[in-house]
1. Just a yes or no: is a residue in region 142-152 exposed (fewer than 13 other Cβ atoms within 10 Å of the Cβ), within 30 Å of K50 (Cα to Cα) and touching a helix residue (DSSP H, G or I) at 6+ places or on another chain (Cβ under 8 Å)?
2. Scan R299, R369, R332 and give me the residue that is part of a helix (DSSP H, G or I) and at pLDDT below 90.
3. Quick one: is L164 among the hydrophobic types (A, V, I, L, M, F, W, C), at positive phi and at pLDDT below 90?
4. In region 329-348, which residues are buried (at least 19 other Cβ atoms within 10 Å of the Cβ) and not basic (K, R)?
5. So which residues in region 18-27 are touching a Lys or Arg at 6+ places or on another chain (Cβ under 9 Å) and either under 18 Å from A67 (Cβ atoms) or assigned to a helix (DSSP H, G or I) (or both)?
6. If K60 passes every condition in (1) more than 24 Å from L314 (Cα to Cα); (2) in contact with a Cys (Cβ under 9 Å, 6 or more places away or on another chain); (3) buried (at least 21 other Cβ atoms within 10 Å of the Cβ); (4) at pLDDT 90 or above but one, which one does it miss?
7. Mind listing whichever residues of region 28-70 are part of a helix (DSSP H, G or I) and either of a type in the set (A, V, I, L, M) or assigned by TED's automatic domain parsing to the domain that holds Y375 (or both)?
8. In this structure, is I19 among the aliphatic types (A, V, I, L, M) and modelled with pLDDT under 90?
Amino acid sequence: MTERLVIEPDLNFIKEVGILGGEDLKKCYQCATCSVVCPISPDNKPFPRKEMIAASWGLKDKLVKSADPWLCHNCGDCNTRCPRQAKPGDVLAAIRAQTISEYSGPKVLANALNDPKMLPILLLVPAVYILIMGTLMGKIFNFQFLNFSPEGTIVHAKMVSTWLVDVVMLTAAGFAALTFFNGVKRFLCDIHQNALAEGKTIQQTIDAGGFIQALIRTVPTILRHAKFNECTENKERGVSHMLVLFAFIGLFIVTSIFFVAIYGLQIHGPYSQLNPVKWLANVSGVALIIGSILLIKTRMSKPDQKSAYKDWLLLWLVLGLGVTGMGAQLTRLAGWGGASYTVYFIHLILVWFTFAYLPFSKLAHLVYRTVAMTYAEYAGRK
């Protein structure tokens, strides 16, 4: 007797996919053009046709617990050639956004990052947190806090103590790291079970050593944007992506060096503009601004490409980080104390926003895509 399979669609999932940019999903009539034209789709069970079917049926678990949507780089090849303009690339982007929300907790934060009405509150949280921490520690350790016009040389540490900034930022980064750890652990387990169930791998278990080796092989592919460059549409977006990526890497290196200089070597700022580390900081800051502007320009020049609220939030946040970071320095060098301290405080709010909400924002792509691509390499899914 033939076994019967009962499918229970998640109608709310279908609705969310539409809200997050996949509103053309229902135009798909399963011609498979998308899977044929995609240059990076695996030969074994290629995407995105099967994802379009699953999304139409509301099979949430089949999609959010799969690595395949993360192997797509949303270059636009399938969108351009789809005869029905169902935009499979945008649907997969919406599924990825849903996956981030699914594996990031608490859910209230995940939902808030998808709701534009919550943005003022999300920005208010770091401002209030910095104010509370600064006021308390200022009274305990007897230091000045939030004086926007201190006397003498303009030094941002006069307004907000360096170690106070580090305490505030490290707590945000620690929260993000813990959230990522819990989410990624679940995600990796789920995508492995999905791959076994669908015959995408012969690896019965995940060997830590083998997975690390796969990660080492995958990282150069990510840094070179090698997969994205295999696509034919929107190749210019690869340049802006790399500018932003390497800008963040450069700023991380700068922050790490200055952290050691301050706490290990007791060398405090402001630092000379002739300092090579400052050169790297300035180049990275400019690259961040240019890269984000190019990404925004690309989005605006392609009205047919769906851009969800999360997309715009990330782009303007990255631009804001670059502008306020460079602005705080330039106003300091110009001797505009009040303006410099104000811009610096705004910069601190945006940095905390980036750190604390990282697991819930589109920047979480950097982590989840890396895990998915590494798993695909480990599982032999090419």
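The values are calculated or read from the model by the stated rules, or taken from the named source; none is laboratory data. Bear in mind that the values here come from a model prediction, so they are computed numbers and not experimental data. Every residue, glycine as well, gets a Cβ built from its backbone with ideal geometry; the counts of neighbours run over all protein chains shown.
1. no
2. Within the list R299, R369, R332, the selection yields R299.
3. Here the answer is no, as L164 does not meet what is asked.
4. If the condition is that a residue be buried (at least 19 other Cβ atoms within 10 Å of the Cβ) and not basic (K, R), then Q329, T331, G337, S340, Y341, V343, Y344, F345, H347, L348 are the ones that fit.
5. If the condition is that a residue be touching a Lys or Arg at 6+ places or on another chain (Cβ under 9 Å) and either under 18 Å from A67 (Cβ atoms) or assigned to a helix (DSSP H, G or I) (or both), then G18, L20, G21, G22, L25, K27 are the ones that fit.
6. For K60, the failing item is (2).
7. Within region 28-70, V36, V37, M52, I53, A54, A55, L63, V64 qualify.
8. The answer is yes for I19.
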